[in-house]
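Data block below; observations after.
The values are calculated or read from the model by the stated rules, or taken from the named source; none is laboratory data. Every value quoted in this text rests on a predicted model; they were computed, and no experiment measured them. Here the Cβ is made from the backbone with ideal geometry for all residues, glycine too, and neighbour counts use every protein chain on show. In case anyone asks, the SASA skips ligands and DNA or RNA and just uses the protein heavy atoms, side chains included. Shrake-Rupley method; radii C 1.70, N 1.55, O 1.52, S 1.80 Å.
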Amino acid sequence: METAPDTTDTTDPGSTPSPTSVWPRLINVFVAPGEVFEEVKQSAPRVSNWLVPVLIYVVVGVISSFVIFSQPAIIQQIHDQQAKAMDQQVKNGKMTQAQADQATAAMDKFTGPTMMKIFGSVGAAVGSFIHLLWWGFLLWLLGRWFMGMKTPFLKNIEIAGLTTMILALGMIVSILLTVITGKLGMTPSLALLVSNFDMKNKAHLLLAAVNVFSFWQIGVLACGLSRLTGATFAKAVLVIAAYWAAYTLFFILIGFGQMAM
């Protein structure tokens, strides 16, 4: 007599699925961030959640510096902008032509391709970790102040770190646009509509702020904050978007618009 197959489900309904490795999480943050952040919330803190994506961001930043500052057209634009700024200082009577020439000669020593690559690489490494810590702190603060939830600081760092993958992809796209156009400031934003982008022009910087990847980052960060605190996604995205808008406008208005890009 044939024995019927045992179809009893022996899975413990209370058990949790095994945590995924870091690489699937880095990929899924693009397509299913809610699942990734739910796993972050339920699992023990993991250094890989923030260290690996930040190191990737550093590598992309270093590559960006070497690629962009290897473009003769880009170096020439930087020199032209410096010369224009010096001429304006002379016209405004803030310095003599001799002083302007001396200042230009001094700047030329630090704006050659080699020095720009070094400064850009160091800036990418330091800036990536500062960015991680700031956004981790900000998510923790927003969760406490506006969501009424005190969450573990390291969990917020993990969310900020994983979201860095969005910025790394955005930087790769910006590198390609810069190389293709041979112009500074070319990002996947409304800045592409400007024929001669000027880093000192506030209107141009406002256009550059309307960046596809900035909005994507806001959405993913809001998803993480929502999952971690239990708040609605709408509330989380409103709080983060309001901060981003205030931050961006502030730096553009005070003349440090590059920090808002």
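Structure values in brief
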| quantity | calculated |
| --- | --- |
| Selected residue (only one of MET115, MET147, MET199 is more than 13 Å from the chain's Cα centre (by Cα), outside any helix (DSSP H, G or I) and farther than 18 Å from LYS235 by Cα) | MET199 |
| Output for region 202-224, where each listed residue is part of a helix (DSSP H, G or I) and β-branched (Val, Ile, Thr) | VAL212, ILE218, VAL220 |
| Tabulated pairs, region 113-128, first farther than 18 Å from ILE75 by Cα and open to solvent by less than 60 Å² (accessible area, probe 1.4 Å), second in a helix (DSSP H, G or I) and of a type outside the set (Asp, Glu), C-beta under 6 angstrom, 6+ apart or interchain | ALA124/VAL58; ALA124/GLY61; ALA124/VAL62; ALA125/VAL58; SER128/VAL54; SER128/TYR57; SER128/VAL58 |
| Output for region 164-207, where each listed residue is of a type in the set (Val, Ile, Thr) and at pLDDT 90 or above | THR164, ILE166, ILE172, VAL173, ILE175, THR178, VAL179, ILE180, THR187 |
| Filter result (touching a residue at least 24 places away in the same chain (Cβ under 8 Å) and either open to solvent by 50 Å² or more (accessible area, probe 1.4 Å) or touching a strand residue (DSSP E or B) at 6+ places or on another chain (Cβ under 6 Å) (or both)) within region 57-70 | ILE63, PHE66, SER70 |
| Of all residues making up region 96-106, the number that are surrounded by 15 or more Cβ atoms within 10 Å (Cβ to Cβ) and either modelled with pLDDT of 75 or more or among the basic types (Lys, Arg) (or both) | 0 |
